[in-house]
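Please read the structure below before turning to the comments.
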Amino acid sequence: MSAPVFNSKLCAVCKGRKLLCGRPTCPILERFRVARTVEQRLNKRHLFGSSPPSIFVGEYGYPKVRMGPLVPPIEGNTSHLDSPMKWEDKTIKDILYYRSLLVMGETKADVHVRRSGRILGEVQELAMSIKPVDSEILLKRKPVLKVLPSEFAPPIGPKAELLDFELTENPRIPRRTDYVVSDELKAEAAIMRLYNWGFDEYYIIRLLSAGLLGLDKRLVPTRWSITAVQDTLGKNLRREILHNPEINDYEVYFYRFMGNRYAVLLMPESYAFELLEVWLKGSLFGASEPSVIHDYEDFRGRKEYVKETAGAYHAARLSVLEALRARRRQARVVVFREVTPEYYAPVGVWQIRLGVKKAMGNLIGRFETLNEALDAIRRRLEHPFERYLARSYILGSLARQKTLDEWLGKNLYRLGEKGVGG
């Protein structure tokens, strides 16, 4: 069982001062602090401001979903409030603050676009813009001041039922977006066309969510859109790199980001990918005895949904594939993700996407043997390394093919018979 975010008895003794949970900051007090800083600005039913632009589509109740625009009480350039791929130098506190400023006007909509009314049309125009758009929302009541962290999407801020929404200036919509949205293209083709033209990944996610891509246009919950776009991009990049030669050495990359450690092992063999993930003791979902979760694919890809690591898998895989595509190479890949207590609030899989992307730009070294490469990774991780090896399908399959002494040169990493490939 994972440790709960809040433990009433422990929290009552601690009161946020002693940090008895082991986290570097109290998640309860942090949310109160964030709410206090924006309370005066949001204490009203009528809001005018520049949407980054940003929208959100929920999944609860599908095919009748809650959706709407996100508008801050600020005018001007607000694009930083909803630019996950540009948050590399931000903290969790920064992200919670950004999201607390974005008020969601919620309205119920049918996912089939043709059955929805004027407000969806305005939301779709907002979604297509590449610049902030001055917008006006009228809410049924003052928004509820809280920030809800999300494992997949960036946190959702204050919200209230939407009575009316209107764009008060013309959105800036690229000609190529107009072309893709109006053309008879399947969603996958539209996603790849926009990506290869250099559009921001989260811009494409927004278009898919708003029901603007595909032949049978419908709203797609934001969480599903993130996974769908990253999985689609990953599958296409995988097919592309399979034609490339393999790398020559064992390569290790490493980066710390937002309370996460990311280590990437590239091996000079044909493509396969595996993510090994551990939530350490004291971390948000960490147990007293942390275990390694993993998912894997070979050159054929996966035929079923990712079981254990969910959206983290697609985010990490895409960042590695982009790096291999840029080099015109292929490799066998193992990504190690270690989540520490510093990651005190989930902020979305964008931080995994960005963390692994930054790791791929930070080469630790090239090595002649697998043993040397694994030793470089072991020194940078906290969880007992043999537990990673025992859980890994890729490294376990190597142990099955040859003795560990042959592969590793010494008995440094001996896998037990039961653990190999488990």
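For the reader, a short list of remarks on this structure follows.
- HN-Hα J in Hz across region 297-305 - Karplus 6.51, -1.76, 1.60, θ = phi - 60°, x for Gly and Pro: 8, 9, 5, 7, x, 9, 9, 9, 5
- C-alpha center-to-center spacing [region 115-160, region 198-235] in angstrom: 17
- Restricted to Cα atoms, region 82-210 shows a radius of gyration and a Dmax of 15.7, 43 angstrom.
- When the Cα positions of Ser116, Tyr60, Phe165 are compared along the charge dipole of region 24-173, Tyr60 comes out farthest toward the positive end, with charges on each C-beta of Lys, Arg, Asp and Glu.
- With every protein chain in place, region 204-256: carbon and sulfur % of accessible area (1.4 Å): 46
- Using θ = phi - 60° and Karplus 6.51 cos²θ - 1.76 cosθ + 1.60, couplings along region 277-292 (whole Hz; Gly, Pro as x): 10, 9, 9, 5, 4, x, 7, 3, 10, x, 8, 5, 10, x, 10, 8
- With N as its number of residues, region 276-315 has a Cα radius of gyration that, divided by 2.2 N^0.38 Å, comes to 1.36.
- The residues of region 250-405 expose, per residue, 37 Å² of accessible area to a 1.4 Å probe.
- Directionally averaged projected area (region 250-405, Cα convex hull): 8.9 nm².
- Amide H to amide H distances under 5 Å link Gly365 with Val252, where only residues 5 or more positions off or on other chains count and H is placed in the peptide plane.
- Solvent exposure of region 24-173 as accessible area per residue, Å², 1.4 Å probe: 47
- Val57 long-range amide H proximity, modeled H, under 5 Å: Thr222
- The alpha carbon convex hull volume per residue for region 174-242 rounds to 76 Å³.
- Placed amide H near Gly282: partners under 5 Å, 5+ positions off or other chain: none
- Ligands, DNA and RNA left out, the accessible area of region 24-173 computed with a 1.4 Å probe is 47% carbon and sulfur.
- With a Förster radius of 22 Å applied to the C-beta separation of Ile173 and Asn236, the computed FRET efficiency comes to 0.30.
- Here region 72-134 is treated as an ellipsoid with the same Cα gyration tensor; its semi-axes, largest first and in whole Å, are 27, 13, 12.
- Loop-located chymotrypsin sites (Phe, Trp or Tyr not before Pro) across region 288-373 with a Cβ neighbour count of 12 or fewer within 10 Å are Tyr305, with loop assigned by DSSP.
- Taking Cα centre as origin and charging only the Cβ of basic (Lys, Arg, +1) and acidic (Asp, Glu, -1) residues, the dipole magnitude of region 24-173 rounds to 500 debye.
- Between the beta carbons of Ala326 and Arg45, assuming R0 = 51 Å, the FRET efficiency works out to 0.55 to the nearest 0.05.
- In a fully extended conformation the segment linking Ser397 and Glu308 would gain 30.1 nm over its present Cα-Cα distance, using 0.36 nm per residue.
- Charge tally in the Cβ shell below 10 Å around Phe165, where Lys, Arg are +1 and Asp, Glu are -1, Phe165 excluded: -3
- Ser288/Glu382 FRET efficiency (R0 25 Å; Cβ-Cβ; nearest 0.05): 0.95
The values are calculated or read from the model by the stated rules, or taken from the named source; none is laboratory data. Quantities reported herein were computed from a predicted structural model and do not represent experimental measurements. Heads up, the Cβs are rebuilt from the backbone with ideal geometry, glycines too, and the neighbour counts pull from every protein chain shown. We work out accessible area using only protein heavy atoms, side chains counted, and drop any ligands, DNA or RNA first. Shrake-Rupley method; radii C 1.70, N 1.55, O 1.52, S 1.80 Å.
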